[in-house]
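Inspection log for the structure reproduced underneath, given as structure tokens.
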Amino acid sequence: MKVKYITTIAIATILGLVTTNVSYGNFKASTNSNSTTVSSKVAQSNPCAGKANPCAGKANPCAGKANPCAGKANPCAGKENPCAGKANPCAGKENPCAGKANPCAGKSSTATVHPQFYTEKGMALDGQDVVAYFTQSKLVMGVSQFKHNWGGTTWMFASAANRDMFAKNPEKYAPQYGGYCAQGTSEGHLVVSQPDAWKIVNGKLYLNYDKTVQAQWMGDIPGHIASANKNWPAILNNKELFR
């Protein structure tokens, strides 16, 4: 009985193993079938699925290559500045506007009752050469041969040289307050002047009605100039010109 039992168990055990193996084998087959189906679907959706990496196994094309700029000197290093030692092309050249009269100088932006410069018989002042006051320190009358139009009137000179000096810089030589009396201007009056009542103060020419009035003006030149500066050029619109 014991032998039969053992034999029976052995047979049952063998049958059980076969059954298990068959069952396991069916499961694997079923699992592999499903896996194949899923893998097939993934392969269809992913365009790269199953394809080898095109860069796999390939060396970095830049690996081991030296920096093409390494060791190369700065192309500008050691080269002299092309401008070094060269003179400024504008240095020493005269300003093209230097010495030219301001085209607006001497012109009044608005019309006034009286001309900007004291004028007698179409000539500025009484026809004296204003440049001579500076260059010769005396009264010199101009001549019709040497004249220059500026500031709305005609200026007379004793020589072509004086005329040209004035033309280059008329503001330097033209008298203050348009050649009207400096003392009268300080008092708010527009008064004519005489050519022999003149004085240059700080590089500027001042004329007065006569020498008596000039002496009064010279009693306080800074004060009279300050007052005249306040009144000029508004007094060009005064109704009366005192003679």
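The values are calculated or read from the model by the stated rules, or taken from the named source; none is laboratory data. As the structure is a prediction and not an experimental result, all values here were calculated from the model. Neighbour counts are summed over all protein chains in view; Cβ atoms, including those assigned to glycine, are modelled from backbone coordinates with ideal geometry.
With respect to being exposed (fewer than 10 other Cβ atoms within 10 Å of the Cβ), of a type in the set (A, V, I, L, M, F, W, C), within 59 Å of the chain's Cα centre (by Cα) and at pLDDT 75 or above, Ala56 falls outside the description. Would you mind stating whether Thr135 is free of Cβ contacts under 8 Å to residues at least 60 places away in the same chain, buried (at least 22 other Cβ atoms within 10 Å of the Cβ) and over 39 Å from the mean Cα position of the chain (by Cα)? It is false that Thr135 is free of Cβ contacts under 8 Å to residues at least 60 places away in the same chain, buried (at least 22 other Cβ atoms within 10 Å of the Cβ) and over 39 Å from the mean Cα position of the chain (by Cα). None of Leu241, Leu207 is touching a His at 6+ places or on another chain (Cβ under 7 Å), of a type outside the set (Gly, Ala, Ser) and in contact (Cβ under 8 Å) with a residue 60 or more places away in the chain except Leu241. Being buried (at least 22 other Cβ atoms within 10 Å of the Cβ), polar (S, T, N, Q) and modelled with pLDDT of 95 or more is the requirement here; does Ser193 meet it? Criteria met by Ser193. Being outside any loop (DSSP other than H, G, I, E, B) and of a type in the set (Ser, Thr, Tyr) is a property that holds for Thr154.
Restricting attention to the stretch 210-222, the residues that are touching a residue at least 24 places away in the same chain (Cβ under 8 Å) and surrounded by fewer than 17 Cβ atoms within 10 Å (Cβ to Cβ) add up to 1. Within the option set Gly142, Gly106, being buried (at least 16 other Cβ atoms within 10 Å of the Cβ) and at pLDDT below 75 holds for one residue only, Gly106. In the stretch 88-95, is there at least one residue being farther than 30 Å from Lys168 by Cα, part of a loop (DSSP other than H, G, I, E, B) and either in contact with a helix residue (DSSP H, G or I) (Cβ under 8 Å, 6 or more places away or on another chain) or at pLDDT 75 or above (or both)? Taking every residue of the stretch 88-95 in turn, none turns out to be farther than 30 Å from Lys168 by Cα, part of a loop (DSSP other than H, G, I, E, B) and either in contact with a helix residue (DSSP H, G or I) (Cβ under 8 Å, 6 or more places away or on another chain) or at pLDDT 75 or above (or both). Evaluation of Ile235 against the conditions (1) closer than 23 Å to Gln128 by Cα; (2) in a helix (DSSP H, G or I) shows that the sole unmet condition is (1).
The residues on offer are Ile225, Ile200, and the sole one that is in contact (Cβ under 8 Å) with a residue 12 or more places away in the chain, out of contact with any Pro (no Cβ under 6 Å at 6 or more places or on another chain), surrounded by fewer than 17 Cβ atoms within 10 Å (Cβ to Cβ) and not acidic (Asp, Glu) is Ile200. Does Lys172 satisfy the criteria of being modelled with pLDDT under 95 and among the basic types (Lys, Arg)? So Lys172 does not fit the description; no. Is it the case, given these coordinates, that Phe166 is in contact with an Asp or Glu (Cβ under 9 Å, 6 or more places away or on another chain) and outside any helix (DSSP H, G or I)? Judged against the criteria, Phe166 is not a match.
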